[in-house]
Structures are given as C-alpha cells and as structure tokens.
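A.B. asks: Encoded as structure tokens, here's the structure I'll be asking about.
The values are calculated or read from the model by the stated rules, or taken from the named source; none is laboratory data. Worth saying up front: this structure is predicted, and the values here are computed from it rather than measured. Using ideal geometry, Cβ is built from the backbone for each residue, glycine included, and neighbour counts are taken over all protein chains shown. With ligands, DNA and RNA removed, areas are computed over all heavy atoms of the protein, side chains included. Shrake-Rupley method; radii C 1.70, N 1.55, O 1.52, S 1.80 Å.
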Amino acid sequence: MKSSIFCWILYALLLFPIISFSQSENNNQPIAIVIHGGAGNINPQNIGLEEQKRIKNVLKFALDTGYRQLKNGATSLDVVEMIVKILEGAPEFNAGKGAVFNSEGKHELDASIMDGSSLNAGAVSGVMHIKNPISAARIVMEHSRHVLLNGEGAENFVEKFDLETVDNEYFDTDKRKKQFDQIKVNEGEGSLPKNYQKFGTVGCVVLDQYGNIAAGTSTGGLTNKQYGRIGDSPIIGAGTYANNKTCGISSTGVGEYFMRGVVAYDISALMEYKNYTLEKAAKAVVMEKLKEMGGDGGIIGLDKGGNISMVFNTEGMIRGFVGKDGNTEVKLFAD
Ligand code: ASP
C-alpha cells in the first residue's frame, strides 16, 4: 500500500514539469484568425451603407465566435469549418445561401479545407444540394482516400454523414438573380463578366494554440459560369493551402488565373525555399506575378508566428482578422 502511494507521488512529480511545460508552451503560442468575403470592385459606390453594415456585422460575429472557441482550446480545423459555415449561411456572400447562378440558372458549389499539420486536404466541387459544402470537404478529407470529389459522387459519398441537404433553390437570392439577368443581357449566354466584379467567395485561415494552421475556402464560383465549370476554390494549392512549416492561404478572384498561377502554394513555396516572409511572398505573387498574368483577386493568410497578410490587386477585398495580440479589425475597401 505504502509503496503504491509512493509510486503515485513519484509519478505525479515526474509528470508535473511535463504538464506545466506543455501548458506554458500553449500560453506562448500565438493564436490568430483571418477571413475574407471576396475581392473585386468593392467600393463605397457599389456597396451601400446598409450592406456595408450587414457585411461587417457578420464578419465580426464570425471572428468573435471563432476566437472564443480558439481560446477555449478548439483546433484550427474546427474553427475554420465553423467560421466558413457561418459565412455560408449569410446571404451577403457568394457561398452557400447567396451563391451566384451558373449559365443554367442553378448553383454549383465548390469548397476545400486543408490541415497544415498533416498536409491532409479535402474538397468538393459542383455540389448542388449540400447546405454547407465546407463540411462536405472536411468529410472527404477525413473519411475518404481522395482529396477532391465532384458533383453527384461527392453528394452520394457524404450522404451517410448526416449533412443537411437542401433543394438547389435554397441558395437563390434576389440580388444574385439580378446580377445573373444583367450579365446575360450585357454579355450574352455563358459569358463571364469582362471586368471582375464583387462576388463574395469566403475563406478562413486559423492558427491554434497547438501551433497548427488550417485553411478553408467556399464559393458559388463566377456568375453565369459554364455549367460544369470548376474554379480554384476546391483546388488545393490554388484556392486553399496550409502547411505548419510556412503558412495558410485562402484565395479569392478569377479562379482560372489562380489555378494557372498555383497561387496559394506559390506563396508557401517562396517562404519555404526562398525564406520570404509571408507578406513579401504574398505581394510577389498577387501584386506582381498574378497581376502580370491579368488575374484579379487577392489572398488572406497567416504564418506560424501568427503574422497576418491580406493582399489584393482589386479595388477592395472584404476581410477581417483577430491578430495575435487579440485585436479585431474588419475592412471592405482599400486602405
Ligand atoms: N475564385 C472563385 C472562382 O473562381 C471566385 C471568387 O473568389 O470570387 O470560382
């Protein structure tokens, strides 16, 4: 009896420094969140005061909720999924409810998520009935041997996981219908807008107290896109990327350019192989390489130290963050 008590005391003494060390390590580990709600011709003429207020409120709510959970020990993956779900539920954005119409007058949704600790990733494209595509992307990551599942195959695969499904009309909003009708009149069936307009794809990157980075992106794509078109948002390395060694990135803009420029991975690669800071890498890719290609858009990202970048070559980008010092900021237009 005495010897077993002695063993327990010894065990506790041995364990104490390990526990307190890992706790203090967590306390020193910065946490941060950065989100976007799309880039484009976002200026005070195009977005009225009421709409600005609504957008800012949703962003703040998403950041506050995410930060609270992060402080309570939630993982970066959980917080990314939760925040993107909030944004998918808000009709202000082109993701989930409020997604744009394709050339057939329907909604085809793309989403992806990546875990920077394992480089594991999951994505869905062209799904039409899943209320929260970001959750479907996570299911693909965690429960399939694949990275990207498309359309009906994706919907069938996630069926057994009890995700909420909806009629395609659930995603309709008057605002997107008007944009769709206008684009058809102005530019003809099946055409993409000549000038990249504001679309409202959503994305989120999180650094948690365990030092893990995760990133996710969700979108309805481009208004009047060809039926079957898949953009950059579900393409790992283009629309989304996360690697604990470097950074997490979520992109928004004309997907065709982001795919050709492999934008999200390119930023990470400049950090990994050329020792660039996140800000320097993001600017080199978005403000130089992408711009020279003619690609409009931007990225949000954070690195393992909790440093945040929000770089865009368009008029504006809907964006917000909670920094490593706990400060929250939400912005729509250029500084
Ligand atoms: N990147 C998205 C796509 O091309 C659109 C956007 O970000 O607004 O599908």
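A.B. asks: Of all accessible surface on the chain at a 1.4 Å probe, what whole percent is carbon and sulfur?
C.D. replies: Numbers: 7850 of 15020 Å².
Ligands and nucleic acids excluded, carbon and sulfur reach 52 percent.
A.B. asks: Roughly how many Å² is the accessible area per residue of segment 18-119, as a whole number, for a 1.4 Å probe?
C.D. replies: On the way: 4160 Å² over 102 residues.
Roughly 41 Å² per residue, with all protein chains present.
A.B. asks: Run the reach check for residue 324 against aspartates and glutamates, Cα to Cα strictly under 18 Å, same-chain hits fewer than 8 apart removed. What comes back?
C.D. replies: Output for residue 324: 25, 64, 208, 279, 303.
A.B. asks: Still on this structure, please answer the following. Among the listed pairs 60/184; 245/280; 106/291; 97/331, give every one whose C-alpha distance is greater than 26 Å.
C.D. replies: Working: 60/184 34 Å; 245/280 16 Å; 106/291 31 Å; 97/331 22 Å.
From the list (60/184; 245/280; 106/291; 97/331), the Cα-Cα distance tops 26 Å for 60/184; 106/291.
A.B. asks: In addition: Report the per residue volume, in Å³, of the convex hull enclosing the C-alpha atoms of segment 215-301. Mind showing how you got there, number by number?
C.D. replies: Values: hull volume 6.8 nm³, N = 87.
Measuring per residue, one finds 79 Å³ for the Cα hull of segment 215-301.
A.B. asks: Under the 0.36 nm per residue contour assumption, what length would be gained going from the current alpha-carbon distance of residue 162 and residue 146 to full extension? Numbers along the way, then the final one.
C.D. replies: Values: separation 16, 0.36 × 16 = 5.76 nm, distance 1.96 nm.
In short, 3.8 nm is gained.
A.B. asks: Please report, in debye to the nearest 20, how large the charge dipole of segment 62-212 is about its Cα centre when each Lys and Arg carries +1 at its beta carbon and each Asp and Glu carries -1 there. Display every interim value, and only then the final one.
C.D. replies: Working: 16 positive and 23 negative charges, 87 e Å.
That gives a dipole near 420 debye.
A.B. asks: I want the local charge near residue 166. Using Cβ-Cβ distances under 12 Å, sum +1 for each Lys or Arg and -1 for each Asp or Glu among the other residues.
C.D. replies: Details: positive: 97, 131; negative: 88, 155, 164, 167, 169, 172.
Within the 12 Å Cβ shell, the charges total -4.
A.B. asks: Which of the aspartates and glutamates could a cross-linker bridge to residue 175, judged by Cα under 13 Å and excluding same-chain residues fewer than eight apart?
C.D. replies: 51, 92
A.B. asks: Using just the helices of the chain, give the 222 nm mean residue ellipticity in deg cm²/dmol: DSSP H runs with n ≥ 4 each add -39,500 (n - 2.57), and the total is spread over all residues, rounded to 500.
C.D. replies: On the way: 10 runs with 124 residues, N = 335.
One gets -11500 deg cm²/dmol as the mean residue ellipticity at 222 nm.
A.B. asks: Let me check against my output: what whole-number percent is the relative contact order of segment 237-297, with C-alpha pairs under 8 Å and at least 6 apart? Show your work: numbers first, answer last.
C.D. replies: Values: 85 pairs, mean separation 21.4, N = 61.
Answer for segment 237-297 is 35 percent.
A.B. asks: Of 109, 302, 77, which is the most mobile in a GNM of the chain whose springs link Cα atoms less than 10 angstrom apart?
C.D. replies: Top of the fluctuation ranking is 77.
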